[in-house]
Each structure stands twice: as structure tokens, then as C-alpha cells.
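Here is the structure we will look at, set down as C-alpha cells.
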Amino acid sequence: MAEVATQTPRYIEAINAALSSEMAADDRVVLLGVDVAAGGGVYGVTRGLYDEFGPRRVIDTPIAEAGVLGAAVGAAMAGLRPVAEIMYMDFLTVCLDPIVNQAAKLRYMTGGGVSVPIVFRTQTGAGRSAGAQHSQSLEGILAHVPGLHVYCPSDARDAHDLLIEAIRLDTPVCFIENRRLYGKRSDEWDRTPLPAGQARVVRSGEDVTVVTWGRMVLETLQALDQVGDEVSAELIDLRTLVPLDVETLIASVQRTGRCLIVHEAVTRYGPGAELLARIAEAALFDLDGPIRRFGALPTPIPYSPELEAAAMPGVAGIAQAVREVAKG
Amino acid sequence: MNAPAQITMPRLSDSMEEGTLLRWIKRDGDAVTVGEELAEIESDKATVIYEAQAAGVLSTAIEEGATVAVGTVIGWLGNALLARQLHSVPGRAAGRRKASPVARRIAATHGIDLELIDGTGPDGRVVRADVELRLSAPEPAPVLGVRGEVTVHPLTRLQTLVAERMSRSRDEVPDFELRVRVDAEPLSSVREQLKAGHAVDVPSVNDFVVKAAARALREQPSANATYRGDAWERYARVNVGVAVAVEGGLIVPTVFDADGKSLGEISRETRELAARAREGRITPQDLDGATFTVSNLGMFGIDGFSAVISPGQAAILAVGAAAVVPVVRDGAVVPGRQFELALSCDHRVIYGADAARLLSRIRDLLEHPMTLLVA
């Protein structure tokens, strides 16, 4: 048999494969969302699943997110394990009630009488002129709500593993993909899968801990390459904001004494503030300089490519921040 | 609002180049009025209480123990807020050493004084690397040789000064020494009479020695002088320094114009100076200007000793303890009381015969103490 150069799956293919395998293994798993069925999803994430599992398990819905998610909550209470897609993370705002007030709370309010095993799949990813209403990173809002898990895979390996874990979990999970990662293949597809709630040390270092998640992991890696030997930075991919692996983070900061938090979300009142506070609470007396957050400017994300780039954390800015934190 | 008044390191003596702020008597933020005691400052000659020259809220610029050049701003008196704005000393925030939390913790764990560490972080902040560098520096390890454990005691400014001056004297001054024994009986007798007459502050033996030396120097001014390389400097005033042992050192306050002062005056002044010296309240003016020194170890029962000449003077007189000794009087050996005087002289100024005349005259005066009482 001829040697065939096998390529590792792209991020998008890894998600598709996880959905497919979970649906094959458990017929309670159903997909629903706008254009997820015959259309295969606006970005093609669910391509082929309609053909494979049919219209009863891959359901197209009207553009009515609150209704879609309400249906998902009901289905979950009735015993299914829905994976509901919210096409853009920005659209969360029109359907927060089923997530925040229903899915996140029903198990608690029924004394464990019902569980709500939903995966709310959504995607973010500014930087392609998608406009202010299609470019937000709102994971902080979700992570703030007790009863929700928040996963933010940064590569195909994690997208695959975390999605499978999310589907199997009885707790509602917000699964945040990044459309700019969809085409990326993981360099480390062969690495051992990690569970949710366990951060991954992407690169070891001694001088500065850089903590991030999602697409900013890639961006930060490039920034660290740019910084080179100037600063020995440790890069931590949190992978999941809830549950949060505080231990890995603190242990790293205790060693380096310095920390930079990078995220695509707006810095002001962003998830970095929570991380900074957690570090300060646990490791103040290990700090050698101020902890710094580096995220998007407090502005609606501009449509203009130049302005959008200026508003977002990018490679050069992260590299600069790493240098400053190392010396600060 | 008035701008805050600067407090600068004062020049406390002619030779003072820098001073050490030993202690802030007032604290940062204290309201101070003119004339209130502000700080204790050590110069090359003395420890002085420095008083506020202006009123206002004190804002300190240097820490206790810091040594700075004369004229350096050591604090401000005035409006606190303005003072703080002026008060931008690198590495220091609101009077506290700037240090990162981890640097602070490591320093505390190892008992390292952050003040002793140079901060390399932004604005002079002490960071972990600075503390670790200090930790990795070879510790002056306690040497456990044949002399047992060695501890190191850095010299105070006073001790440094004494060491420096004594070394200079031994290096430069070709000294010789003359000794005489003085009959102590007449002196004892006079002192007994004064005591019997309930005189206050009966002059001590040392006071008589100071007076006698001053009188002799007045009569023989060539010894009231200093060698200056190509000339002798002779001084119009006879100012006698009286060596006083203080904790951790030796200081020599001056009895000015001792030749013209009565024994009572010399006695009172010497007691006052010695007390101030021991309490650390001596001023540089008290220590300046001696032309001759008397050093007395008689109170320790020392028979006699040779003293080291102070640079800038030509001689020093060492006084031993009065002791009962056999003396020959009228052809018979009888008990008598004597004490020893040793005069160390700078041969560049005083020659042997002059020195002999001077010391003999001092003995003569002490053995006829009434002459010291009448003038």
C-alpha cells in the first residue's frame, strides 16, 4: 500500500468529527440551529451531519435564537442532549434568558430533579471586518454566571476533546469556537487529551507568565517568537474559563513573579480582571512587578481593517507587553 | 500656600564634608515648630541635635542611617502635599523603600535590610533579582579559626575619625616622651581644705593639671603651636582639650582660654562638657580649636602612660593615678603620694630642653597649687 501523507484535521474538521462520533454513540445527541442542517452551517462546521443522521437529529431553526435555545432547554429536560448553535457570539444577547435563567439554574432549582445537558456552541473571532455586531468576545459574561461551564479551545486537539467532554457533561456548557481558527491544523494533534479544568503549559519559561485562551494562544506564540531570547516567557492556555485551573496559573506566577493576561475580549471589566484578582489573592507576595492585562480597547470593534487592528490585541502589541511586563 | 522649606544637611564644623542622619526625632508628617528638635546628626566630630529652622509639617527625604553630603536635601518643612510632590526620590514611595512584594518577602525571610539593596527595577524598585543577588553574594562567613568566631563591627564615623587621626599622628609625628613624678600631697591638701570649707564643685586633680598646663603654655608659647611643613603656627589662645571616654569612642571637648579661667570655671566647664559628650549632645564647636590635650587615666588606677599626639597640636600630657609611694624626706623614707605626668611632644615643634622646661613648670605649679588658685 502506497504511503499516504496524512494531515491532521483542521479545527473545523475536529469539531465536526466530535459531533459525528458523539451522535453516532448516543442518539440523544441532537443538533439545532440556523442553517446547521442541509446547509452544513454558515462556516461548514456541521457539514455532512444532516446526511448522516437525518432531519430528526440535525434540525434547522428559524432565525429566533431565544426560541431555539428555549427549545434546547426543553429538549434537555425531556432527556435529549442538544447541541445548539448560536451563529455569532454577539447574538447571545438576544437569547441570554434560556442560558442564564433557565439552563444555568434549573438543576439547582429542581434540587437535582432535572439536568440540562446542553452545549451552546458559538463562535467569535474579530479581525476580519465583520463589524461591531459580529466581533465581540463575551465569554466573561458567561463565565460570570454560576451553573455554566465555559470552554474556549485554542486548537483542533482541544476543540475535539473539549467538545466531546462538553456533550457528555450534564452541566450546560458554552463552547466558544473561533472562526479564525477553523482552518488551522493542530501541530500537536498527537498530544494526550486533557480534561476541562486543566490548563496547558504551551511553552515553559522563567521570566513572565503569559496566560491566554482561544485564538490569542496562537497570536501570543508568534509574539513570543518575536521576543525571542530577550524574555523567557511561560505561555499558559487556560482552555476552559469555567472550570478554571487556578493552580497551574498560580504555580507558574509564583515561579516567574510576573504575569501578562492576554485576551481578545475588551480589557475593561473583562475576564482578565478576574484572573488578575485571583493571582493577586493567591500570590501577591510572589509578585515582582505589576500584573498586566492586554485585551481589546473599550470600543465597539471597528469595521475598518486598520482601526480594527488597532483596537485588537495583536502580535506586535503582545510582544511589546511581554517585554514591558518582564521589566516592569 | 507657602512652598515647603528645604532642610539640608548642615555643615557642623569646618572640616565636615558629609553627615549621617542618625535618627529622626520628628517623624514624617509631624507638625514641627521653630526650634523643636528635628533630628540627630553625626558629623565627623560629633553627634548633634539639629533643630527646626522653620515651622511646618515634616517630610523626610532620607532614611535614618543615611550619610549624605553637606547641603543635600534631607527633608522639607511645610505643606505636606507640596512636600510630597517635591519628594521624588527614586526607589522610594511615601518614605517607604519601593520593593516588589516578592522582593520584600524574600528579604524579610532572610533578614535582609531592603535599604541596603540597590533597586534595579523601574524607578529604583527593588525586585527579586536584586535581593537574590544580595543573597548569592558571599556572606562574610563567620571564621571559626583559632580565634573563634569572628564578628565584624563597622566603624562609626567617630571611630573612623579616631583611627584616621591616630594613624596620621603615628605616621607623621616624630614624637618623644618625658616623664616626671609629681608630689600629690600639696594638691590633696588644697583639695581637702576646699572640701572642708564646703566649696561647691571642688576642682579635680585633672582640673588642676589642665590649669597648670595652660599656665605653663602661656609662659612658654613655643609649645602652643603646630608644625606646618615650612613654618610653626603659634596660637594666641591656650585652649586645652580634655579627652573623655564615651561609649564606642573617645572625644576631646575643649576648655577655651584655660590659662585665663579660674579652677572653678575650668572644673564646671569640664564637667558640663564631659556630661554632654557622654549624652551625645556635644556640638562641633565644643570639639574644635584645642591647642594642647590632657588625657587622664588616673581614675582607672593606671600609673602612667604615653598618649598619642592629636594632629594639629604639638604635645599631649598623660596623667596617671596618685599612688602611695615611699619617698625620702629629710633623710628618711616615709610614705608619700605621687602621680606621674608623661608629656609626648612633636619634635618638629618642641625640642627636648623646651619640653623639659614645660613639664618641669607644670610639675612645679602642681606641687604649689596655691599659685594656681590665685590667678
Hits in the stretch A:287-328 - residues which are surrounded by fewer than 20 Cβ atoms within 10 Å (Cβ to Cβ) and within 18 Å of B:Ala129 (Cα to Cα)
A:Pro290, A:Arg323, A:Glu324, A:Lys327, A:Gly328
Condition first: farther than 25 Å from A:Leu148 by Cα, at pLDDT 95 or above and within 14 Å of another protein chain (Cβ to nearest Cβ). Can you find one or more residues in the stretch A:220-228 that meet it?
no
Taking the conditions exactly as written (at pLDDT 90 or above and either under 18 Å from B:Ser204 (Cα atoms) or among the aromatic types (Phe, Trp, Tyr) (or both)), does B:Ala258 satisfy them or not?
yes
Across the stretch A:115-135, what is the total count of residues that are assigned to a strand (DSSP E or B) and either surrounded by fewer than 20 Cβ atoms within 10 Å (Cβ to Cβ) or among the hydrophobic types (A, V, I, L, M, F, W, C) (or both)?
2
Return only the number of the condition from (1) out of contact with any Pro (no Cβ under 9 Å at 6 or more places or on another chain); (2) modelled with pLDDT of 85 or more that B:Tyr50 does not satisfy.
(1)
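Please state which one of B:Ala332, B:Ala236, B:Ala290 is closer than 20 Å to B:Arg348 by Cα and either surrounded by fewer than 18 Cβ atoms within 10 Å (Cβ to Cβ) or in the same structural domain as B:Glu18 (by TED's automatic domain parsing) (or both). Spell out how you get there, then give the answer.
Working: B:Ala332 fails: closer than 20 Å to B:Arg348 by Cα; B:Ala290 fails: either surrounded by fewer than 18 Cβ atoms within 10 Å (Cβ to Cβ) or in the same structural domain as B:Glu18 (by TED's automatic domain parsing) (or both).
Result of the check over B:Ala332, B:Ala236, B:Ala290: B:Ala236.
When the stretch B:103-112 is examined, which residues are found to be away from chain A (no Cβ under 13 Å) and within 21 Å of A:Thr256 (Cα to Cα)?
Listed by number, the list holds a single entry, B:His110.
Taking B:Val162, is it part of a helix (DSSP H, G or I) and away from every other protein chain (no Cβ under 14 Å)? Break it down stepwise before answering.
Values: part of a helix (DSSP H, G or I): yes; away from every other protein chain (no Cβ under 14 Å): yes.
It is true that B:Val162 is part of a helix (DSSP H, G or I) and away from every other protein chain (no Cβ under 14 Å).
Condition check: outside the structural domain of A:Pro98 (by TED's automatic domain parsing), surrounded by fewer than 21 Cβ atoms within 10 Å (Cβ to Cβ), closer than 24 Å to A:Pro298 by Cα and not β-branched (Val, Ile, Thr). Does A:Glu247 satisfy that? Give the steps one after another, and end with the answer.
On the way: outside the structural domain of A:Pro98 (by TED's automatic domain parsing): yes; surrounded by fewer than 21 Cβ atoms within 10 Å (Cβ to Cβ): yes; closer than 24 Å to A:Pro298 by Cα: no; not β-branched (Val, Ile, Thr): yes.
Against the criterion (outside the structural domain of A:Pro98 (by TED's automatic domain parsing), surrounded by fewer than 21 Cβ atoms within 10 Å (Cβ to Cβ), closer than 24 Å to A:Pro298 by Cα and not β-branched (Val, Ile, Thr)), A:Glu247 does not qualify.
Where in the stretch B:243-362 are there strands (runs of 3 or more DSSP E), lying wholly inside it, with at least 3 residues that are touching an Asp or Glu at 6+ places or on another chain (Cβ under 7 Å), touching a residue at least 12 places away in the same chain (Cβ under 8 Å) and not aromatic (Phe, Trp, Tyr)?
Numbers: elements: B:244-246, B:249-251, B:292-296, B:315-319, B:323-329, B:332-346.
The qualifying strands (runs of 3 or more DSSP E) are B:332-346.
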Across the stretch A:73-114, what is the number of residues that are over 27 Å from A:Gly131 (Cβ atoms) and not in a loop (DSSP other than H, G, I, E, B)?
14
Kindly provide the set of residues from the stretch A:254-288 that are of a type in the set (Val, Ile, Thr), within 13 Å of chain B (Cβ to nearest Cβ) and under 23 Å from A:Glu139 (Cα atoms), ordered by number.
A:Ile279
Mind listing just one residue for me: the one in the stretch B:113-134 that is under 37 Å from the mean Cα position of the chain (by Cα) and assigned to a loop (DSSP other than H, G, I, E, B) and, of those, farthest from the other protein chains (Cβ to nearest Cβ)?
B:Asp113
Only one of A:Ile59, A:Ile63 is β-branched (Val, Ile, Thr) and exposed (fewer than 13 other Cβ atoms within 10 Å of the Cβ); which?
A:Ile63
Please give the number of the condition B:Gln6 fails out of (1) in contact with a strand residue (DSSP E or B) (Cβ under 6 Å, 6 or more places away or on another chain); (2) surrounded by fewer than 21 Cβ atoms within 10 Å (Cβ to Cβ); (3) closer than 26 Å to B:Ile251 by Cβ; (4) not charged (D, E, K, R).
(3)
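State the number of residues belonging to the stretch A:301-328 that are away from chain B (no Cβ under 14 Å) and part of a helix (DSSP H, G or I).
Narrowing the stretch A:301-328 to residues away from chain B (no Cβ under 14 Å): A:301-322.
Then drop every residue that is not part of a helix (DSSP H, G or I), which leaves A:305-311, A:315-322.
Selection size over the stretch A:301-328: 15.
Somewhere in the stretch A:289-298, is a residue closer than 23 Å to A:Pro146 by Cα, within 14 Å of chain B (Cβ to nearest Cβ) and not polar (S, T, N, Q)?
Keep residues of the stretch A:289-298 that are closer than 23 Å to A:Pro146 by Cα, which gives none.
Taking every residue of the stretch A:289-298 in turn, none turns out to be closer than 23 Å to A:Pro146 by Cα, within 14 Å of chain B (Cβ to nearest Cβ) and not polar (S, T, N, Q).
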The one condition B:Val308 fails out of (1) closer than 23 Å to B:Leu217 by Cα; (2) under 16 Å from the mean Cα position of the chain (by Cα); (3) crowded, with 20+ Cβ neighbours inside 10 Å is (3)
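Considering only the stretch A:189-299, give the strands (runs of 3 or more DSSP E) lying wholly within it that have at least 2 residues that are of a type in the set (A, V, I, L, M).
Working: elements: A:200-203, A:208-212, A:233-237, A:240-242, A:259-266, A:292-296.
The qualifying strands (runs of 3 or more DSSP E) are A:200-203, A:208-212, A:233-237, A:240-242, A:259-266.
Go through the stretch B:86-138 and give me each residue that's hydroxyl-bearing (Ser, Thr, Tyr), modelled with pLDDT under 85 and within 24 Å of B:Thr60 (Cβ to Cβ). Walk me through how you get there before you give the answer.
If we filter the stretch B:86-138 for residues that are hydroxyl-bearing (Ser, Thr, Tyr), which is where we start, we get B:88, B:100, B:109, B:120, B:136.
Remaining after also requiring modelled with pLDDT under 85: B:88, B:136.
Matches in the stretch B:86-138: B:Ser88 only.
The values are calculated or read from the model by the stated rules, or taken from the named source; none is laboratory data. Note that the structure is predicted; figures quoted are calculated from it, not measured. Here Cβ is always computed from backbone atoms with ideal geometry, including for glycine, and neighbour counts include all displayed protein chains.
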